[in-house]
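These notes concern the structure reproduced below.
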Amino acid sequence: MQKTFTALLVVAMTALAAQPSVAHHSFAAEFDANAPIELTGTVTKVEWANPHTYFYMDVTSPKGDVENWALEMGSPNGLMRRGWTRDSMKIGDVVTVTGSRAKDGSPKGNARSVVLSTGKKLFAGSSQDNAEAN
């Protein structure tokens with residue numbers, strides 16, 4: 001019985017160790033600091049989750065096309081320390097965001113700051129170097 005338990009424990013620990021871990025990426029791995037964005041649009045979704053909070057917004061291009069952008073912010077805890085609440089940004093709010101575009105050119109960005117529909121400007125917890133100084 002003891003040998004069976006030990007064998008099962010070893011198998012279980014080996015299986016757990018072999019599982020891929022969820023990797024946290026650096027800013028430079030996914031976003032281009034030399035490709036700044038400034039977008040104004042309507043919030044369509046907000047996801048308060050670790051390790052990053054995401055919000056999505058519909059942005060109308062000069063041609064009239066609507067594109068849904070995904071914007072990455074800091075962790076929920078980090079945002080709350082900077083004055084955010086879960087009610088700061090709601091679906092339907094019109095917001096303006098500054099940040100950096102994804103390297104792959106997709107409609108995704110790392111938000112540096114967000115001007116809320118109330119006019120209040122909040123730092124978005126960007127992982128970009130010196131982001132808070134901008």
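Determine, from the Cβ-Cβ distance of V66 and E38 and an R0 of 22 Å, the FRET efficiency 1/(1 + (r/R0)^6), rounded to the nearest 0.05. For V66 and E38, the calculated efficiency is 0.80.
Counting only protein chain heavy atoms and rolling a 1.4 Å probe, the accessible areas of D87, D93 rank, largest first, as D87, D93.
Using the 1.4 Å probe convention, the accessible area of the range 72-124 works out to 47 Å² per residue with neighbouring protein chains retained. Summarising the label geometry, the points placed 7 Å from Cα in the beta-carbon direction at T85 and W48 lie 1.0 nm from one another.
Once the C-beta distance of A29 and T118 is scaled by a Förster radius of 35 Å, the resulting FRET efficiency is 0.55 to the nearest 0.05.
The values are calculated or read from the model by the stated rules, or taken from the named source; none is laboratory data. Note that the structure is a prediction, hence the values are computed from the model and not measured. So basically every Cβ, Gly included, is an ideal-geometry build from the backbone, and we count neighbours across all protein chains shown. The accessibility values were calculated without ligands, DNA or RNA, using every heavy atom of the protein model including side chains. Shrake-Rupley method; radii C 1.70, N 1.55, O 1.52, S 1.80 Å.
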